[in-house]
Amino acid sequence: SSGINAEYGELERAQLKNWKNYLNLVIEKKDTPRTIILFERCLIACAFYEGFWIKYINFMNAIDKEETSKIYRRACMVHLVKKPYIHLSWAAFEEERGNLEIAREALDHIDKGMPGLIAVILRRAGLERRSGNVEQGGDIMKLAIENCRGRETRDFWIMKYVTYLQCSCKDVDAARNFLQEQIERNQRHKRLYARLLDLELNCGATQPDSAAIVAIFNKILTSGLSVEEKAGFSHRRLTFLEEFGDDVSAIIAAYDDHNKNWKKKKKKKKK
């Protein structure tokens, strides 16, 4: 079985396989009391193997939800304190039943035991959003930005938080302000500028706000980005003006600027 890793000794592997086969045999006989007794015996010997707990949970879930909840609690709080999958599974099980406090408890437990796991933080934010606590969901994501280490992870959470503000909170102004703050802190970050442009292009208006978007392009072209990056944005500005520009003289000026200042830079990069 894929759950039985090569690192376990031969005896241990054989014992795990025996337990698995024995459980399958007894489950097939549909003798519930006997099956429960066997699972309990198995979990004395195999308490640290997530697969057996999941097997017990799946068996009990069809019979008794309250008992299933108790098994989840024993597994997560006592034996599998650093196993994210079973905590996420427990949280989903409780959320589906409307037990939001227990779902929060499950997620908080693994978040404290193993801080910074993306799947856990996303689920915590999602739980609040689905419960109508949209602002608290955003706070969880914002805290993830403050607590994370490494630029890549920080970028990931910045983008997630902006999308959350835009789509879940329906607060484009807050998303815009947050992005502008991040740009002030890091003026050489291409993805932040690109995300700000995307926000303005897709903020719900039938027609994008040309003046606001051109102002962003102008800011980018005088920013600390590399010459090649600016050349790319200059080209994107031309495309935008062709599609949405109201004033042909602005299009002419953008072409002149591009040909004079950026076109050659882009070509040099291609060589």
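What percent does the relative contact order of the chain come to when contacts are Cα pairs within less than 8 Å and at least six residues apart?
Value for the chain: 7 percent.
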Original post:
Given a Förster distance of 51 angstrom, what is the FRET efficiency for F48 paired with E181, based on the Cβ-Cβ distance and rounded to 0.05?
Top reply: 0.65
**OP:** Measure nothing fancy, just the Cα-based angle from helix 84-96's long axis to the longest principal axis of the chain, in degrees from 0 to 90, nearest 10.
**Re:** 90
**OP:** Give the peptides 25-35, 52-62 in descending order of average Cβ contacts within 10 Å, highest first.
**Re:** 52-62, 25-35
**OP:** Pop out the carbon and sulfur fraction of the accessible area of the chain as a percent, whole number, probe 1.4 Å.
**Re:** 51
Subject >> Rounded tilt (10° steps) of 10-28 against the dominant C-alpha axis of the chain >> reply: 80
Original post:
Roughly how many nanometres apart are two label points built 7 Å out from the Cα toward the Cβ at A211 and M159?
Top reply: 3.2
Original post:
For the residue pair R73 and E228, what label-to-label distance in nm results when each label sits 7 Å from Cα along the Cα-to-beta-carbon direction?
Top reply: 5.8
Original post:
At 222 nm, what helix-only mean residue ellipticity would the chain give, in deg cm²/dmol to the nearest 500, using -39500 (n - 2.57) for each DSSP H run of four or more?
Top reply: -23000 deg cm²/dmol
Subject >> Heavy-atom surface of the chain, accessible at 1.4 Å and reported per residue (Å²) >> reply: 58
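The values are calculated or read from the model by the stated rules, or taken from the named source; none is laboratory data. Just so it is clear, the model here is predicted, and its values are computed rather than measured. Using ideal geometry, Cβ is built from the backbone for each residue, glycine included, and neighbour counts are taken over all protein chains shown. These accessible areas exclude ligands, DNA and RNA; they are computed on the full protein's heavy atoms, side chains included. Shrake-Rupley method; radii C 1.70, N 1.55, O 1.52, S 1.80 Å.
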